[in-house]
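Working notes, beginning with the structure itself.
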């Protein structure tokens, strides 16, 4: 029996972009490796073609004229933006030595975007575990990100503004940006390939042993193609990692809830970022705004990721197009990875929900966007250059990235359509504040509609889930333990659990509470055969075991002690300990009243009995001796009177049973 | 048919008495219904159907009768004895004593069966229709021992005691029937007020009592000989109620509950002296019961007592105790019931208003009730509101009943009306998750209502009903803002959208001055409407389109002296901004939406029609589009809406444009050929309008404009149509009119409708054809010489295909029948006379080829047998299957099959089935 210490190091403060490290039973496991891209909102957009508007923005000079950052910072509609290649906020690197990480578990393709920064620059030598769709779509998203950045290279790299003294003097939100010195430019394709070469593929419910100490297993989380929650367990302890899960019936396989039962600790991240926006309602809103704009002769721009919700949007539109008389309206999907994304989604049949899986056997493409492409209603292009420019017809609907509106083809459409109030931009990705995203495009005439579609668990669903799976302890980001700041009265938008969840923030180190602290030890059959159990009480038998404990790869085995060497042989250098005849074991309890009576018979009369939490203390006043009678031990404290101690010991032994 | 039935009845009785199987388990009930109908119609069953008497005595004396047959017999005996004559016959044959002696049934071992007990009760209920029956009811026990093991003293009050015992029967049906009959006895035999109060009335009543057995209100007149019996019954029932209204174990509670239900029946129907004495007997018991769990049924009793004797101090005290209950939900329901009944008094009305508003006070945190935070009622209600399910139900009860408060005299109100309106608004805000304005003390309750569609709907309903209360106008802007938020909320349930639109229309009509609404709100409303007609859910699109139609129909006045204006003006651009939205909705894939769009467009265009505005090019194109919908739309709803559109246009337009005339003709021909019977009925409605127009013109010309009181398009009473005058000019007019109706296609529509396979279509067409015939065609037997000929010459071209063949078939059949009946009549046959073609002369056998037949309209109408046809069509389609004759035949055949089973036949049937 030994006490197990389990630590959780929290390297990201963003609740839906998690990066935590779990130290559990001599393994160091990184749970997700998400990249906080919200930092790019502080940068100017990267236009695909020269933008006179952006190039004419005034530079920033402090009011007293002492600081001149004209080249680095530009002012637009009353806000400051960094004119440089956008940079990302990385997970915390200083909290622990990242080279000691044994494995990285990825829960979905949105939570692996920081992988190259960890695997390529920290001395990481371990393995990354992810499902196949996570790897493939993650690769697409990384590739897209790299292409967006590399397509519009900016020689300039702004660093002066990061100077603490200078940053302090800047207006918000630049002033309040945290950890700006750790922000990094985007990685290269080479780094992506190297990072992804370390990924080992796993399937749902597949059990992977880590050093014999723990077993990890991914479970379907229902959020996106191949998205998973993880079970990390030893023989006696179980940690569940729930990240980005959904109970809604969308395209992925449904969430596996039952396997999360009986967890000692459940680490809960990736709940919906929009607890008050119901995805169904938002999807409806998306469709009606889209139809309304097209009917009025305007264009619709949907800034989105090239995988994920877009599949559901296209499916919804597939049904809606005819009912809204949009049959002649062209739908364009523009992304360097558009083709791959649409095709990949059709081939991961085993990772899809039941309905879509059955379609594969018909055989039919699981997603209806195949039909949209076939009928020319949906067209996809790698970029606005090339074929697109010749096919382009208005009014139309364009799906393109990046949802931050700072890079990607979307920047072009913002410049193109922003001036007309007939056009509408519909935000569907919940990761970025739409007002911040639009800030460098102000003043803007086009209509803006915010329909964030976040299918991840909401507070109501998570409360129900936790009631069902009943973990002993829940660990979650600090943000989930109080209502959102903008809706401080909404007590329904927080986790209320008993016992209360353990909150964490960026850089927190939590000692996870484990009640059980046992280790599994195997007994070899020969040794087991030699045991002679004797029944202590009905159903409980005990036996003495003399053996050698052999520990290897975190597995412990009791082996038979070799026979004592014959006298004739030479002493071996490493002689195993010789087990002498075992002393008899005692069991039973010492009943207070009969014991006092026995003491009295032996002339010990002055006994003061004191009740303690564990038993009793008998103070033999005349003899100045203490007898502690406890549930699991008896102590006789008797100074310099060995005969008395022996007598008392013998009296105690009378009440106990020898095994 | 009745005679035929009576012939079959003896055999039916024999089958029933033999215990043969029945066609189905409702046969006996149907048979009883028929007997009841006969009795009500004045047939004396005892005299006309002696076999029934024989049947009853056979069954009653048989030891092996089936309980169902027994039950039927008990009910039948009651029915036979419901008339005094029948009663005497049955009593003389001593069947009555035997049948209503429970001891007899107990001895025979049948009393345990609830269907026998209920038969006994219902038999008694039928029997107790005259004074002799009451005497029998009270005396019966004295003459026969109904329970041999019971002592004499228990038998001294006739059948009342077993009846009272049945009131607590284990079968709920029996118990309920017993309560009903107890109530019937007291209500039916209670002394008429005329005899006790007013001497004038007393004389009138005395006059009446000499003739019929009941008074005008269907109750038994009070007669001296029943006095004693009735007093005994009253005494026993009062005593029974008093003793049963006690708390205790489950059995006692059940008993008390039954008695409370009976009391409610009695208190609402009894008249003062009897009601007061009954109340007096039970008041103490009711007071004691208030301490138990019986509040809901008790509440009905107390409130019923209060409504009848509000001045009684003891009743007043009971109401006070009821409204002091410590159970929040009971208090709320009691207060609501009190106000719903329209009861008002100085003390309790205000108390009820507070009780109803209490949940609103707590949840909204508005604290408008001026209550101590430690108040016991407040605390217990707040505790109840913490629980989700009870919270929703309490809030809904509170909101549903809050309109009751707004109509009260302001002196009863604990706060001003505008506070109540703003609390309802606040509740609606809370439901949509806006919790910023709420104090923290009730967060648990607030949490329960967030997102609840049920609460939202109740609150919207409440908001709608308070729109007419004084002070509502001041809240219009707030209401608008909130409703716009609701309509913009993507998570709202479609039913909430629908309700929100309804409330908005109501408040717009309250507002009266659309210019007082800020432009931004108007703009927002238009934006929301444009968005919602594109909604994914068809229900929302439909509600939106429907809203636009209603908006167009609502009239608002800027000021009292200005002309009414359509509420569409509340939208920027008025009706011109909504027409494109509605026209777009015509292409909606959901047929309901297309139909609503057509109706809404009719409403938006109605003002133009009324003012006789000139038709624009777009409007003409739109009419063509609608006609296309009528011929091409695959769903019935839009097609029905199109016909209704033209009905509205035709009936409200000030002038008959050529487009309207042309379109109506087109609608008539397309609508009558539709597959949907409702489209056809609507088309006939349109035909009726044309007919009305023509006939009213005709009647006004023939009556020299004497019918100015008749609205040109109102349904004109039948007599106006009759051709009173037959002047030469009048006849020419009539002929011209008929000619027009033929040309417009009205006659053709009516004739095709007549032979339609859907009964409602055929019925309507038949009625209209009769109207046409009565109004324009002179009866053939009148000798009107040339006049008649002028009208009769108006002919109609009957095609030799489709429905026309059916018409020809009718004519042929009728003609054949006439030929057979009287050869002399052939000379007067219209077709002969008018020499309408060779077809007829060949006996119509050759009528199948192409071409048309020209026929005289009037002769055609008089030869179609419209009067017989309308009689047949008036009967429901299952009248043959449901006739008593069919029932009797069924019983006989089922009995026959049972008694003489043809195993081989049955075997064949079974084999066939499989």
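Readers should treat all values here as calculations from the given coordinates under stated rules, not as data from a laboratory. It should be emphasised that the depicted structure is a prediction, and the values quoted were computed from it without experimental measurement. A quick note on method: Cβ atoms are made from the backbone with ideal geometry, for glycine too, and the neighbour counts reach across all protein chains shown.
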Taking Cα pairs under 8 Å and at least six residues apart, what relative contact order does the stretch B:256-411 come out at, in percent?
-> 18
By the Cα gyration tensor axes a ≥ b ≥ c (a/c under 1.5 gives rounded; else a/b larger than b/c gives prolate, otherwise oblate), the shape of the stretch B:521-672 is oblate
Measure nothing but the geometry: give the 0 to 90° angle between the long axis through the Cα atoms of A:459-469 and the longest principal axis through the Cα atoms of chain A, rounded to 10°.
-> 30
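From the P(r) of the stretch B:1-105, could you give the percentage of C-alpha pairs in the tail past 20 Å?
Of all Cα-Cα pairs in the stretch B:1-105, 35 percent lie more than 20 Å apart.
Per-residue Cβ counts within 10 Å, from other chains only, averaged over A:481-491: what number is that? Could you put the intermediate results ahead of the total?
Working: counts 0, 0, 1, 0, 0, 1, 4, 3, 12, 8, 7.
Average per residue, whole number: 3.
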Over the stretch B:326-453, with a single point scatterer placed on each C-alpha, what log10 of the ratio I(q)/I(0) does the Debye formula yield at q = 0.20, 0.21 1/Å?
-> -1.15, -1.27
Inter-centroid distance (Cα atoms) of the stretch B:609-686 relative to the stretch A:369-393, Å = 44
Give the Debye-formula value of log10 I(q)/I(0) at each listed q (0.17 Å⁻¹), with one equal scatterer per alpha carbon of the stretch B:481-598, two decimals each.
-> -0.78
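Rounded to whole Å and ordered largest first, report the semi-axes of the equivalent ellipsoid of the stretch A:214-267 derived from its Cα gyration tensor (root of 5λ). Walk me through the intermediate numbers first.
Details: eigenvalues 94, 19, 12 Å².
Computed over the stretch A:214-267, the values are 22, 10, 8 Å.
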Length-normalised contact order of chain A in % [C-alpha pairs under 8 Å, at least 6 apart] | 14
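Is the shape of the stretch B:591-670 rounded, prolate or oblate, going by the alpha carbon gyration tensor and its root eigenvalues a ≥ b ≥ c, with a/c under 1.5 for rounded and a/b larger than b/c for prolate?
Details: a/c = 1.86, a/b = 1.45, b/c = 1.28.
Since a/c reaches 1.5 and a/b is larger than b/c, the shape of the stretch B:591-670 is classed as prolate.
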Relative to the longest principal axis of the C-alpha atoms of chain A, give the angle of the C-alpha long axis of helix A:279-295, reported between 0 and 90° and rounded to the nearest 10°.
-> 0
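Counting partner chain Cβ atoms within 10 Å of every residue's Cβ in B:534-542, what's the average?
Numbers: counts 15, 7, 14, 4, 1, 0, 2, 3, 0.
Whole-number average of other-chain Cβ neighbours for B:534-542 is 5.
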Rounded to the nearest 10 degrees, the helix A:132-151 long axis (Cα) sits at an angle to the longest Cα principal axis of chain A of 50
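Rounded if a/c is under 1.5, else prolate if a/b is larger than b/c, else oblate: which is the stretch B:253-350, with a ≥ b ≥ c the root eigenvalues of its Cα gyration tensor?
Details: a/c = 1.60, a/b = 1.12, b/c = 1.43.
Oblate is the answer for the stretch B:253-350, as a/c is 1.5 or above yet b/c matches or exceeds a/b.
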If you bin the C-alpha pair distances of chain A every 20 Å from 0, what whole percents do you get?
-> 16, 39, 24, 13, 7, 0
How do the peptides A:317-325, B:130-138, A:180-188, A:57-65 rank, highest first, by the average count of neighbouring beta carbon atoms within 10 Å per residue?
-> B:130-138, A:317-325, A:180-188, A:57-65
Given the Cα atoms of the protein assembly as shown, and with Rh set as the inverse mean 1/r over their pairs in the Kirkwood sense, what is Rg to Rh to two decimals?
-> 1.07
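For peptide B:522-532, compute the average count of partner chain beta-carbon atoms within 10 Å of each residue's beta-carbon.
2
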Pairwise Cα inverse-distance average, inverted: Kirkwood Rh of the stretch B:452-532 (Å) | 12.8
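Give me the Å³ per residue figure for the convex hull around the C-alpha atoms of the stretch A:199-350. Could you put the intermediate results ahead of the total?
Working: hull volume 20.9 nm³, N = 152.
Convex hull of Cα atoms, per residue: 138 Å³.
Kindly rank A:596-604, B:539-547, A:76-84, B:509-517 from highest to lowest mean number of other beta carbons found within 10 Å of each residue. Could you put the intermediate results ahead of the total?
Working: A:596-604: 14.0, B:539-547: 25.2, A:76-84: 19.1, B:509-517: 16.1.
Packing proxy ranking, top to bottom: B:539-547, A:76-84, B:509-517, A:596-604.
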Relative contact order, percent, the stretch B:263-355 [alpha-carbon distance under 8 Å, six or more residues apart] = 25
Provide the packing ranking of B:625-637, A:197-209, i.e. peptides ordered by the mean count of other C-beta atoms within 10 Å per residue, highest first.
-> B:625-637, A:197-209
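Looking only at Cα atoms, what is the convex hull volume of the stretch B:52-99 per residue, in Å³? The partial results should precede the final answer.
Values: hull volume 2.8 nm³, N = 48.
Here the figure is 58 Å³ per residue.
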